[in-house]
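K.L.:
Mind having a look at this structure? Questions to follow.
Since every read-out is calculated from the coordinates, none of them should be taken as a lab result. Values in this document were obtained by computation on a predicted structure and should not be read as measured data. All Cβ positions, glycine included, derive from the backbone under ideal geometry; neighbour counts span all protein chains shown.
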Amino acid sequence: MKVIALNGSPRLVGNTSNILIEVLDKIEKEGIETEQIQLYAYDMEPCNDCRSCEMRGDGRCIMEDDELNDIVDKLRQADGIILASPAYFSTCSGQMKIFMERAGLALEMGGLDLQRKVGGAIVVNTHDGGSMAYAQMVSWMLRNKMIVIGGCPEPVVISHNSPQYLDDKAGMKGVMSMAEEMAWTILRLNGLN
């Protein structure tokens, strides 16, 4: 069993990565392997809607040089997927959006290989836009027919500079409840609880 978290923040060390470390630690304590992938480490080109993925039908993007297909292959092997992004101008980060557009289209044309994977989203925002970015990532998961886990309250954290995320008790409660429910659901689907 494995959970892969895609970090859509351009900062290697910041709110989003630190929150993901806490989330993945909680999931690992349940006996589930985890991995964090920093999307900004890859020079991904935007989707140009060439529709080669539709013609090929193999769930892969024709642009092979930027490792997007390798990331998607890892997601195919995972039991759980977390999308995490800061909110920039009321949407998820550009790199997360590029990933969702290219991977989403290729996956849709290739048979929705993420179907029934367990998914969750986390957003960090300074003052607004978090709900919109959260809705974007949740919508992507629903379109991929994933089992989407939420948090109570919504896993949207208010913070400007790390480690200010720790000051948002409600946001972190939502994030950690999402992590707990994700682990429970994965274990349940694997007949372990």
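K.L.:
Label points 7 Å out from Cα along the Cβ direction at residue 169 and residue 33: separation in nm?
P.N.:
3.8
K.L.:
Can you bin the range 1-45 into rounded, prolate or oblate? Criterion: square roots of the alpha carbon gyration tensor eigenvalues sorted a ≥ b ≥ c, rounded for a/c under 1.5, prolate for a/b above b/c, oblate for the rest.
P.N.:
Note, shape of the range 1-45 comes out oblate.
K.L.:
Relative contact order for the range 2-189: what percent, with Cα pairs under 8 Å and sequence separation of 6 or more?
P.N.:
24
K.L.:
When the Kirkwood hydrodynamic radius is evaluated over all pairs of different C-alpha atoms of the range 79-144, what value in angstrom, to one decimal, is obtained?
P.N.:
12.0
K.L.:
7 Å from Cα along Cα→Cβ at both residue 73 and residue 43: what's the point-to-point distance in nm?
P.N.:
The modelled label-to-label distance comes out at 2.1 nm.
K.L.:
I want to verify the translational diffusion coefficient of the range 137-193 in µm²/s; compute it with Stokes-Einstein, Rh as the Kirkwood radius over Cα pairs, at 25 °C and 0.890 mPa s.
P.N.:
The estimated diffusion coefficient comes to 196 µm²/s.
K.L.:
Let me ask something additional. Kindly identify the range 21-113 as rounded, prolate or oblate by the Cα gyration tensor criterion: order the square roots of the eigenvalues as a ≥ b ≥ c, call it rounded if a/c is under 1.5, otherwise compare a/b with b/c, prolate if a/b is larger, else oblate.
P.N.:
oblate
K.L.:
Taking only pairs that are 8 or more places apart or on different chains, how many Lys pairs in the range 2-189 have Cα atoms under 24 angstrom apart?
P.N.:
Step by step, the pairs that qualify in the range 2-189 add up to 22.
K.L.:
Now for a separate question. At 1.567 mPa s and 4 °C, plugging the Kirkwood radius over alpha-carbon pairs of the chain into Stokes-Einstein gives what diffusion coefficient in µm²/s?
P.N.:
Once the numbers are plugged in, D ends up at 79 µm²/s.
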